[in-house]
Amino acid sequence: MIHFIIGTRAQLFKMAPIMRECDNRGYQWRWIYTVQHKDTMENTLRTFELKNPDYVLFDWDSEAKTMSKMWYWFGKTMLQLGKGKKILAGYTTKRHIVLTHGDTITTWWGALLGKLNRCKVMHVESGLRSFNLFKPFPEEINRRITFRLTDIYACPGKWAMNNLKKYKGKKINTIENTQMDVLRFGLKKCESADLETPKEKYVVVSLHRYENIFNQDRFSEMIDRTEDIAKHFHIYWVQHPATKEQLNKLSKLKKRLVSNKNITLLPRLEYLQFIKMIKHSEFVVTDGGGNQEELFHLGKPTLIFRNETERQEGLGLTAVVSKLDVKIINDFIKNYKKYTIKPFSKKANPSVVIADAISKYGQWE
């Protein structure tokens, strides 16, 4: 049996094409939901035509979108490890394989669940590094823990593979991330999404990393820089649930955004709506690694509101790491068009490579 461990919306996005590939091959699979994110998860399942989770870790009416809720969720999640055999429906031991993705707490929790129940563990999107333990936090720590629990590393390129030299296990080069498969799917369908894009030139902002939004001084500085950009373009700020919650708490910061006639706050968009929105924008401001990657494949100029990134995609081509430096940001605004490149035309299909690896190394049935 193949077990997918998923907790966040981004993980569901990037696992979805692997799930669909397994369906195409007639492989048996199930997925376990840790409820780290809840908002729009049902919409995402509908978008990718996927089944509901086979096992939900626990019921609650929220998600881990504040620090207090994160700690509550973490405690509840850790308590579930003792139910491993039930969670995995009895499909344990090395004849079965657990797939975990990315760099969240769910990532290493899923790997640990697999190890405790003697399953093989495959880490999808493995080998990405910032080489700074606390930037981004806690993502870099999550990766390091996961690497030590992994048997099969699905790495999006040689750079990621080289970062894993000291770790034992099978390294699979997927060439690109499964984000490419997701984006390929999204571009085919996004124009039919229920969203009318603005007629004016506009910029999309999407910011959500804990290291940014839960540091009030840094968050305030990010809003300063966003207001600078708003002097030149209308901004549509797509709010991640954690970001929305934090803005509601920091009412003075939110008031600055709401009172600015050149800034519009939007709720989190469904995937196809978001792809349509960024496709037609002038450029995108983000702190998300997944966004950086998909925007590179789109050929879209990207301003990263971080000091460093674990991703290599787009750096020096479509993407600029701003470090929130006014000079760097102003230069990007003036010259953003030079960061436009032709959209990807690669035929790489990472999900097929991963499904092949599951068949070859997983020993599942």
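Taking the Cα centroid of the stretch 18-83 and of the stretch 319-335, what is the distance between the two, rounded to the nearest whole Å?
Distance between centres, Cα-based: 37 Å.
Check cross-link reach from LYS171 to the aspartates and glutamates: straight Cα distance under 14 Å, and skip same-chain residues fewer than eight apart.
LYS171 reaches GLU125, ASP151, ASP356.
At 7 Å along Cα-to-Cβ for each site, give me the label-to-label distance between ASP217 and LYS69 in nm.
Simple spin-label model gives 2.8 nm for this pair.
How large is ³J(HN,Hα) for each residue in the stretch 332-340, as worked out from phi by the Karplus curve 6.51 cos²θ - 1.76 cosθ + 1.60 (θ = phi - 60°), to whole Hz, x for Gly and Pro?
5, 4, 6, 10, 4, 5, 6, 9, 8
Which loop-located chymotrypsin sites (Phe, Trp or Tyr not before Pro) does the stretch 50-123 contain, where loop means any DSSP state but H, G, I, E or B and the Cβ has at most 14 other Cβ atoms within 10 Å?
Values: sites: TYR55, PHE58, TRP60, TRP71, TYR72, TRP73, PHE74, TYR91, TRP108, TRP109; in loops: PHE58, TRP60, TYR91.
Passing sites in the stretch 50-123 are PHE58, TRP60.
Before anything else, pin down the relative contact order of the chain: Cα pairs under 8 Å, at least 6 apart, normalised by residue count, whole percent. Could you put the intermediate results ahead of the total?
On the way: 669 pairs, mean separation 59.6, N = 365.
Across the chain, relative contact order equals 16 percent.
Only one of the listed values, [x] 39, 22, 20; [y] 68, 26, 18; [z] 34, 22, 19, was derived from the coordinates as semi-axes √(5λ) of the Cα gyration tensor in Å; which label is it?
This structure yields the entry labelled [z].
What lysines sit close enough to LYS252 to cross-link, taking a C-alpha to C-alpha distance under 17 Å and skipping anything fewer than 8 places away on the same chain?
Excluding near neighbours in sequence, the set is LYS244, LYS261.
Taking springs between alpha-carbon atoms closer than 10 angstrom, which of MET19, MET122, MET70 fluctuates most in the Gaussian network model of the chain?
Result for the chain, Cα springs under 10 Å: MET70 fluctuates most.
Which lysines does LYS166 reach when only Cα atoms under 27 Å apart count, and residues fewer than 8 places away in its own chain are ignored?
Excluding near neighbours in sequence, the set is LYS14, LYS94, LYS115, LYS120, LYS135, LYS158, LYS360.
Enumerate by residue number the GluC sites (Glu not before Pro) in the stretch 280-326 meeting two conditions: DSSP loop (anything except H, G, I, E, B), and at most 15 other Cβ atoms within 10 Å of the site's Cβ.
Values: sites: GLU282, GLU293, GLU294, GLU308, GLU310, GLU313; in loops: GLU282, GLU308, GLU310, GLU313.
For GluC sites (Glu not before Pro) across the stretch 280-326 that sit outside H, G, I, E and B with at most 15 neighbouring Cβ atoms in 10 Å, the list reads GLU308.
Only the coordinates and a few stated rules stand behind these numbers; no lab work does. What you see is a predicted model; the values in this text were computed from it and never measured. In this analysis, Cβ positions are derived from the backbone assuming ideal geometry, glycine residues included, and neighbour counts consider all displayed protein chains.
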